[in-house]
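Heads up: the structure comes next, in structure tokens.
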Amino acid sequence: MAHEVLTEGPDVYYRLTNDLYSSNFAGLSSTPTTGVPWTMGVRSKAQVEEPIQCELHPESADPPPDLILTIPIFSTRLIEVLKSVGVKNMDLYQVALNHPELGKTYTDYRAVNIIGRIACADLKRSQYLPGHEPPLMKFDKLVLDETKTMGVPMFRLAESTMCILVSEKVKQALETAGLRGVRLLSLDGAANTEGD
């Protein structure tokens, strides 16, 4: 049964996303131009001026949550939790998060380019919307071929690169850390947050 793949075995994965509907939400007013292909899972050769200046949406939380996905922005605390469980595939850029409404700037955040995308969706057992091809597929239910994940703790899904997947070990560490505005979704709920 497909559901067993999601709940048993060493390579159970979850979708990492932010909490759009809580007081811990933050977003950017606009996406800064950096030349970094943030959602493609590939290393950038662009020369990036740091810190990357980012303007928070006026209604963003104070302080901002640990995860913002306009471009991937992680708090240094989130990054340390990820590193503590073996996540190494992150290129980090200094960020200045400017909150215009409050006149504050937060510097303990990094823009994160997640390096690595893995084609591991089991398309025969997954449910997805027709008319969308990799890397922009949209899944109602995502079932992974666990033989292809290679135990990587965090990566982008090659079939849908907006989707960041984390292992059970990462999920447990993130939940224990008490982070703000971070959600972990089971894969059969992935379609509920497309377009975060």
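GNM on the chain, C-alpha springs below 10 Å: top fluctuator among Val48, Val81, Val143?
Ranking Val48, Val81, Val143 by mean-square fluctuation puts Val48 first.
Run the numbers on the chain and let me know its relative contact order in percent, using alpha-carbon pairs under 8 Å that are six or more apart.
30
Using a 1.4 angstrom probe, figure out how much accessible area the chain has per residue, in square angstrom, rounded to the nearest whole.
Per residue, the chain has 49 Å² of solvent-accessible surface.
Using a Gaussian network for the chain with springs between C-alpha atoms less than 10 Å apart, which of these wobbles most: Tyr109, Tyr14, Tyr128?
Tyr128
Would you pull out the residues with amide H under 5 Å of Tyr109's amide H, same chain only if 5 or more places away, H placed 1.01 Å from N?
Those lying under 5 Å, H to H, from Tyr109 are Thr76, Val95.
Going by average Cβ density within 10 Å per residue, which order do the peptides 149-156, 29-36, 86-93 take, highest to lowest?
149-156, 86-93, 29-36
Run the quick spin-label model on Tyr21 and Asn98: label points 7 Å from Cα toward the beta carbon, then report their separation in nm to one decimal.
3.3
Once both axes come from the Cα atoms, what is the angle between helix 168-177 and the longest principal axis of the chain, in degrees from 0 to 90, rounded to 10?
So the helix axis and the longest Cα principal axis differ by about 30 degrees.
The values are calculated or read from the model by the stated rules, or taken from the named source; none is laboratory data. Keep in mind that what you see is a predicted model, and the values were worked out from it rather than measured. Positions of Cβ are generated from backbone atoms using ideal geometry, with glycine treated the same way; all protein chains shown enter the neighbour counts. Please note that ligands, DNA and RNA were not included when accessible areas were found on the heavy atoms of the full protein model with its side chains. Shrake-Rupley method; radii C 1.70, N 1.55, O 1.52, S 1.80 Å.
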